């Protein structure tokens, strides 16, 4: 597939790109900083330089034209509530709407374990605005006719990937970024993950079996 990966220089994205390339996919990694292009290219992706915060509908259409799939792995990374909403909610929703217009059916959203309107985050906490934005974006995606999958990894670590996860736990624990990358690469081409939200921790079940 021709995949447009939004948030192409994130820690998870940089681990996912070589796995996607090894699986035979062509990956266009969307980045904002031109200094990040060499690292993205070394990971097996083609760097596409654009600032998603500035794109209008036509810009989004041009970005996604010709793609077979979109993977959203972008995030504002904290900062102001306004920027969090602009990227994690409005930008994500704009990408979904553009995917629909461009006929890009497959859409994989990297969210987080426990995301949703009942996230329970105190409005006084800095994570609250991100949680609200993700809840809105995830809900919008689920309401589309896209072939969507929402991934809900738990607390991210830099541990070496094990290739094994747990999708049965009722609470968030931890998962390595490498395992998250492997889950992305596994689900994007699998029809049996369409229309599903998959929350997961590190665990003992091989990823290919756990997401089935």
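A short reminder: the numbers here are calculations on the coordinates, not readings from a lab. Given the structure is predicted, the values throughout are model-derived calculations rather than measurements. Reconstructed Cβ throughout: ideal geometry from the backbone, glycine too, with neighbour counts over all protein chains shown.
Pull up the DSSP beta bridges for the chain and report the antiparallel fraction as a percent, rounded to 5. Percent antiparallel among DSSP bridges in the chain is about 10. Going from the residue with the fewest nearby Cβ atoms within 10 Å to the one with the most, 193, 54, 4, 26 rank 54, 26, 193, 4. Helical runs assigned H by DSSP (4 residues or longer) give the chain a calculated mean residue ellipticity at 222 nm of -9500 deg cm²/dmol, each run adding -39500 (n - 2.57) before division by the residue total.
Prolate is the label for region 142-182. Its Cα gyration tensor axes, ordered a ≥ b ≥ c, give a/c of at least 1.5 and a/b above b/c. Across the chain, C-alpha contacts under 8 Å between residues 6 or more apart give a mean separation that, scaled by the residue count, equals a relative contact order of 19 percent. Over region 1-85, Cα pairs under 8 Å with separation of 6+ residues give a relative contact order of 38 percent.
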